[in-house]
1. Which value results when the Cα radius of gyration for the chain is divided by 2.2 N^0.38 Å?
2. Please list 157-164, 320-327, 439-446 highest first by mean number of surrounding beta-carbon atoms within 10 Å per residue.
3. Quick one: helix 330-358 against the long Cα principal axis of the chain, what's the angle to the nearest 10°, folded into 0 to 90?
4. Mind pulling the angle between the C-alpha long axis of helix 267-284 and the longest principal axis of the chain? Nearest 10 degrees, somewhere in 0 to 90.
5. Can you give me the Cα centroid spacing of the stretch 370-440 and the stretch 96-135 in angstrom?
6. Lys and Arg at +1, Asp and Glu at -1: add these up for the other residues within a Cβ distance under 13 Å of Leu421 and post the number.
7. Using alpha carbons only, how many angstrom separate the centre of the stretch 162-212 from the centre of the stretch 451-521?
8. Would you work out if the stretch 342-499 is rounded, prolate or oblate? Take a ≥ b ≥ c from the square roots of the eigenvalues of the alpha-carbon gyration tensor; rounded if a/c is under 1.5, else prolate when a/b is larger than b/c, oblate otherwise.
Amino acid sequence: MALNVPGLIAVIIFYAMTLATGLWAAWKAKKNERNNTETEVAIVGGRNLNLFVGLFTTTATWVGGAYINGTAEIVYLPSRGLAWVHAPLGFAATFIIGALFFVKPMRSKNYVTMMDPLQEAFGGMMGSFLFIPPLLGDIFWFASILASLGATVSVILDVKGLLSIIISACTVILYTLLGGLYSVAYTDVIQLLFMIVSLWICVPFALLNSASENIAYTAVHEVFQGPWLGNIQSKYIARWLDDFAYMSLGGIAWQTYFQRVLASSSSKQAMKTSYLSGILCAIMGVPSILIGAAAASTDWNQTSYGLPTPNERNESSMILPLVLQYLCPTYISVVGLGAIAAAVMSSADSSLLSASSMFAYNIYKKMIRKRASEREVLWVMRLSMVVLGSAGTGLAFLSNSVYDLWFLSGELVYAVLFPQLCCALFVPSTNTYGSVAGFFLGFGLRLLGGENSLKIPPTLHYPGCILVDDVYVQLFPFKTFTMLVSLITIIVTSHLARFLFMKKILPIEWDVRNVFRKVPPDPSELEHELQVSLRTPEVTDSPRDEIYQHFSQK
């Protein structure tokens, strides 16, 4: 296949538009620094994102390369089908649950990142441990979506994936570094619009190709590789529910979500943004579903791709770009490539900003240098973007193994971090000792459950664990079970520790984290809390001496 020069030019134009939008947003962010601190402008956009921009940036963050490629792949796979597509409805549930239960508690205290309530409830040291799963998740997510873009470019443009990965990473790092959330949000608007238009343009060509049967007929009839609607056997129902719960609840405890919530101009607007994003996320899955159905309904021998089929060649993960390349005209496949590039960049910039925000604000400013200036924190944030972005770019060349690592880290966020966040926001009686116990028990249980994609056999065989093709498959909903065990452990251990120390069954000297014994407040922490309170409307009405008294009693 020869180099697709028109396609290459089109992609370059798209990247130039994205970069220009990001630089313009960086200039807008600079203007907004007059009324807000530099850190808050970079992390939460000065808390003044309007509904339109908030809706588009939230949706674009979730509708990434893994979403549109993965949905098409699952529909295409003979062993799966539409019945096993969780993402559209799962993401919709994520945003609805987030709006109902999590928006107001996070907004009420003017938090800057998702880690703030965790550090407030369980202490800075424990908060640092809890930072590890989302950090790994963001880095592996950044790497995996860049890898998917590289593979797609190599299929459609016949350009080495290495080049596209490096150019994409440099573009994302540059505009995110300069403009923070403003650049990410406004480029997301362009990218999501491009995705919507591009994917829907490609769908009719894929469905009407002469090599494809009518998808309404192949949905329920045995054609080529079986009905693409799929089915859920009774023995897999618990596994299906486990995956759906993971997709719905596991997406909440991510900084990428709360960054948009905290950047909205009000709680009411944040809730509207969350509800509407859920609806739009579900709608954005439709083009990928139709493309996957077209692939399952295609006689590949009638195309230049030939036989064996993508499934037989183990290229199912590339089914969306393969459909664009072999079932659509060249100029349409280029348009589809633009949609994939837009999806990748809209998620990559968000993951990069998420990890660097939490590191600079929650680790560096709150743990390493509590007296760091706003400018210093901002530069640490920018430096961490370069370091984390470079690490993710390097990992992108590992391709499938990186995607598997991201999936495992996402499960750790669900099993370990989600229950911690729930306790920090809704169970104020929990403490550091419960947090530590819940963290290590949840982490251990998840690893003992095994991970087939990384060739980690299960050490703990749950009920219904079966051997399929020499690989153990857990049919028990062990991800949700692990999350619930972690949640219960945090609550029970917290109350047990309180009982033991308050009843003096354990000597108060053993309270190494100073949860129950009174210690003089750290002056630097008092100063930090005062600075925060003085720019928080809910607290500024209180006299300064009352604020001192409040924190000295902690």
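All of the numbers you see were taken from the coordinates with simple rules; none came from a lab. This one's a predicted model, so the numbers in the text were calculated from it and none came from an experiment. Glycine gets a Cβ as well: all are built from the backbone with ideal geometry, and neighbour counts include every protein chain shown.
1. 1.00
2. By packing density, highest mean first, the sequence is 320-327, 439-446, 157-164.
3. 10
4. With both axes taken from Cα atoms, the answer is about 20 degrees.
5. Taking the Cα centre of the stretch 96-135 as reference, the centre of the stretch 370-440 is 11 Å away.
6. -2
7. The stretch 162-212 and the stretch 451-521 have Cα centres separated by 40 Å.
8. Here the stretch 342-499 falls in the oblate category.
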